[in-house]
Amino acid sequence: MIMPIGLVSMLIFSVVKLVFFSIKYHGVPVSPSRLHVIDWLPLVEKNSKKLDSWKGGMMSIARRTILINSSLSNSPIYHMSIYPLPKTIIDRLDRVRRKFFWQGGGTKKKYHLIKWIKIYKHKKKGGLGIKDLKKINISLLCKWWWKLDNEKGLWQDIIEYKYLRKDTICTVKHGQNESTIWVDLLKIRNTYLQGRKLKVKNGKKTLFWMDS
C-alpha cells in the first residue's frame, strides 16, 4: 500500500503524542515536537550544494531564473506541504537563490541592482516571476483545510473526532496538548477562509454570519 507523505505525517501527529524523537521520512524531518532551526539546516545545505555542479557564470539571467524556479524553489515542496518553514530558513534559502541569480554561483560578489521583493513579482507587474517561498508555504498548508472541507478519509475522521466534534472550521479554537502541526494549521486558517466559499447543503455546518 502506498500513502502520500503528507497523509502519513498528518496521521502520525494527529493520532498520538509521543516522547521527543527526530527521524526523516523522504528527507523530511518528522517529530511530534516543534522542530528547531537546526533541524532545517540540511535543507539549506542541499540547495547550496546544487550550485557546485551548475556553471551559473556561463548562463544568462533568464536561464538562471528558470533553474531557480524549477529546482531551487521546488526542492522544499515536501517540507512546505507539512510544516511552516521558520523565517530564518526561508531567509537562508532566499540567500542561496539570490547568490545564484546575481553571481551565478561564483565567489566574486556582485551588486544586487534590484530588491529581491521586486523580482518576486509577476512579469506583468515588472518582476521576473521568481517564486515567493513564504506564499508557496502558506498555499500548501491551506490545502489541508481544503481537504478537510471537501474530502473524506481517515485523516479527516481523526481530525473531526479529536478537534472539531461540535465545532466547525470557523469556530474551532486552539486548545491544550494539541499536535504542533494542528497548531500551525490554525495559524493560517484565516488565510484559507478568506478565499473559501461554502456549499450550504443541509445547513448543519454552515454559520450564517461567519461563512462566505
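Here are some notes:
- Checking ASN177 against (1) modelled with pLDDT of 90 or more; (2) more than 26 Å from TRP209 (Cβ to Cβ); (3) of a type in the set (S, T, N, Q), the condition it does not meet: (1)
- Residue list for region 90-139, restricted to those being at positive phi and free of Cβ contacts under 8 Å to residues at least 40 places away in the same chain: GLY126
- In a residue-by-residue description of region 58-76, the property of being charged (D, E, K, R) and over 30 Å from SER212 (Cα atoms) applies to at least one position.
- Residues of region 56-89 that are surrounded by fewer than 19 Cβ atoms within 10 Å (Cβ to Cβ), of a type in the set (Val, Ile, Thr) and in contact (Cβ under 8 Å) with a residue 40 or more places away in the chain: ILE61, THR65, ILE77, THR88.
- Taken as a whole, the condition of being in a helix (DSSP H, G or I) and under 25 Å from SER73 (Cα atoms) applies to TRP145.
- Among all residues of region 201-209, there is none that is part of a loop (DSSP other than H, G, I, E, B) and under 25 Å from SER73 (Cβ atoms).
- Selection from region 148-173 of residues that are outside any loop (DSSP other than H, G, I, E, B), of a type outside the set (Phe, Trp, Tyr) and free of Cβ contacts under 8 Å to residues at least 24 places away in the same chain: LEU148, ASN150, GLN156, ASP157, GLU160, LEU164
- Of the residues making up region 86-117, just one is assigned to a loop (DSSP other than H, G, I, E, B) and modelled with pLDDT of 90 or more, namely PRO86.
- Qualifying position, being modelled with pLDDT of 85 or more and closer than 22 Å to ILE90 by Cα, among LEU148, LEU141: LEU141
- Restricting region 115-138 to residues that are more than 19 Å from the chain's Cα centre (by Cα) and among the aliphatic types (A, V, I, L, M) leaves a set whose member that is nearest to ILE89 (Cα to Cα) is ILE119.
- Selected residue (only one of GLY195, GLY203 is loosely packed, with under 11 Cβ neighbours inside 10 Å, over 19 Å from the mean Cα position of the chain (by Cα) and either modelled with pLDDT of 85 or more or among the small types (Gly, Ala, Ser) (or both)): GLY203
- Residue within region 115-131 that is in contact with a helix residue (DSSP H, G or I) (Cβ under 9 Å, 6 or more places away or on another chain) and within 21 Å of ILE82 (Cα to Cα) present: yes
- Residue satisfying all of: in region 65-85; part of a helix (DSSP H, G or I) and hydroxyl-bearing (Ser, Thr, Tyr); nearest to ASP184 (Cα to Cα) among these: TYR78
The values are calculated or read from the model by the stated rules, or taken from the named source; none is laboratory data. What you see is a predicted model; the values in this text were computed from it and never measured. Here Cβ is always computed from backbone atoms with ideal geometry, including for glycine, and neighbour counts include all displayed protein chains.
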